[in-house]
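Read through the structure below, which is laid out as structure tokens, and then see the notes.
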Amino acid sequence: MKAILLGLVLMTSFSIQAKTRMFTVVNHQFEGTKQWLPGTLIVNVGDDVEIMLVNNAPSGVHNFSIPAFDINQNVMKGKPATIKFKATKAGIHDIKCGLHKAHVGGQFVVNK
């Protein structure tokens, strides 16, 4: 009986901690430099993540990539895209533009 109660408590505490984290991230350009803002996204392990990507840069298509989670999404100017995934790996992970390597990157931080 104690084992069953302990299991229920652990399951309940985990489900309370895991949340859906929603972000809107906008690509912009200033004096030729392009970047996604905000540049740092912070979640917890186990969170469901939903990111709406908006490309406002005048130069056309851009890419939002988090290689550690196999996220690689092209975004056309004027056509927002949404990506959804689960944050399963703790750490500080790179956010990049998969099309234009010279762009300013960001960080996807997953806390334990």
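Out of residues 5 or more away from D47 or on other chains, whose amide H comes under 5 Å of its own, with H placed 1.01 Å from N in the peptide plane?
K19, A87
Along segment 70-85, what does the Karplus equation 6.51 cos²θ - 1.76 cosθ + 1.60 (θ = phi - 60°) give for ³J(HN,Hα), rounded to whole Hz, x for Gly and Pro?
Coupling constants for segment 70-85: 6, 8, 8, 10, 7, 9, 7, 4, x, 10, x, 10, 10, 10, 9, 6 Hz.
Can you give me the long-range amide H partners of T24? Hydrogens built in the peptide plane at 1.01 Å from N, cutoff under 5 Å, separation of 5 or more residues or another chain.
M52
I need the shape label for segment 12-71. Rule: rounded when a/c is under 1.5, else prolate if a/b > b/c, else oblate, with a, b, c from the alpha carbon gyration tensor.
On the way: a/c = 3.22, a/b = 2.72, b/c = 1.19.
Prolate, because a/c is 1.5 or more and a/b exceeds b/c.
In terms of the Cα gyration tensor, with a ≥ b ≥ c the square roots of its eigenvalues, is segment 19-111 rounded because a/c is under 1.5, prolate because a/b exceeds b/c, or oblate?
Prolate, because a/c is 1.5 or more and a/b exceeds b/c.
The numbers here are math on the coordinates, done by the rules we state, and not lab data. Not measured: the values here are computed from a predicted model.
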